[in-house]
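Report on one structure; see the data block that follows.
The values are calculated or read from the model by the stated rules, or taken from the named source; none is laboratory data. Predicted model only: the values in this text are computed from it and were never measured. Here Cβ is always computed from backbone atoms with ideal geometry, including for glycine, and neighbour counts include all displayed protein chains.
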Amino acid sequence: MPKKIILIRHGETEYNRLGKWHGWVDVPLNAAGKLQAKKLARRLKGEVINALFTSDLKRAVQTTHSIAKSLGIKPIKTTKLRERAMGLLEGRHKEEKDVRIKKIWENFFNDTDETYKGHGGESIRETKARLHAFLNNLNKKYKQKIVAIVTHGGTQWYLLQLLIKKPLKEGTAFQNAGVTVLEKDRWGEYHIAVLSDTSHLEEK
């Protein structure tokens, strides 16, 4: 596996601003998100990065474009880094008044049942399976390299679970254009060196 993994959440979209959930809805960055992507690129310009991966959804690809240009590296797009497909919940607010939808939300976020698909999208198990396949590819091709990954909030949550192999603190959130850094220790285990840092967004 890579010696260092930089996880990046995409910049802001109108769905983010309005509090709607994306899933696989292909929403582009808004003006604020495009500016965030430029600031991300400035932050990462001095980094040594051997490979840059991105989800194939527009919000991630657009965020990656600025970073790739800054680094002079060609990004690798993959469907395996997509957000979890949310089915009926895509484009909705979490605070729904409809009782049936409220129940679906509760079950969707119930991590104890990784097989739940009542929302008509992916189960947690299916999402983790494609992310596991992505990590297997990293293990084969990018051992002891430095890799950057532009993806989504939910996807980052599951990736961290697979990489650090322990539960995340309840309430952990990944901000738009936030940077999370995982580094290997002397025993080959990953630890979180930086968690969803957005200090670069405060720069003018």
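The numbered conditions (1) in a helix (DSSP H, G or I); (2) in contact with a strand residue (DSSP E or B) (Cβ under 7 Å, 6 or more places away or on another chain); (3) farther than 28 Å from Thr13 by Cα are all true for Leu163 except (3). Restricted to helices (runs of 4 or more DSSP H) entirely inside segment 1-116, those with at least 1 residues that are under 30 Å from Glu203 (Cα atoms) are 14-18, 31-44, 58-71. The set of residues in segment 180-204 being under 19 Å from Arg42 (Cα atoms), among the charged types (D, E, K, R) and either part of a helix (DSSP H, G or I) or modelled with pLDDT of 95 or more (or both) consists of Asp197, Glu202.
Let's see how each residue does on (1) closer than 23 Å to Leu160 by Cα; (2) more than 17 Å from the chain's Cα centre (by Cα):
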site: Tyr15; (1), (2): no, no
site: Trp21; (1), (2): yes, no
site: Asn50; (1), (2): yes, yes
site: Arg84; (1), (2): yes, no
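Residue-level check: of (1) touching a Ser or Thr at 6+ places or on another chain (Cβ under 7 Å); (2) buried (at least 19 other Cβ atoms within 10 Å of the Cβ), Gln36 misses just (1). Residues that are in contact (Cβ under 8 Å) with a residue 60 or more places away in the chain and crowded, with 17+ Cβ neighbours inside 10 Å were ranked within segment 39-48; the one that is nearest to Gln144 (Cα to Cα) is Leu44.
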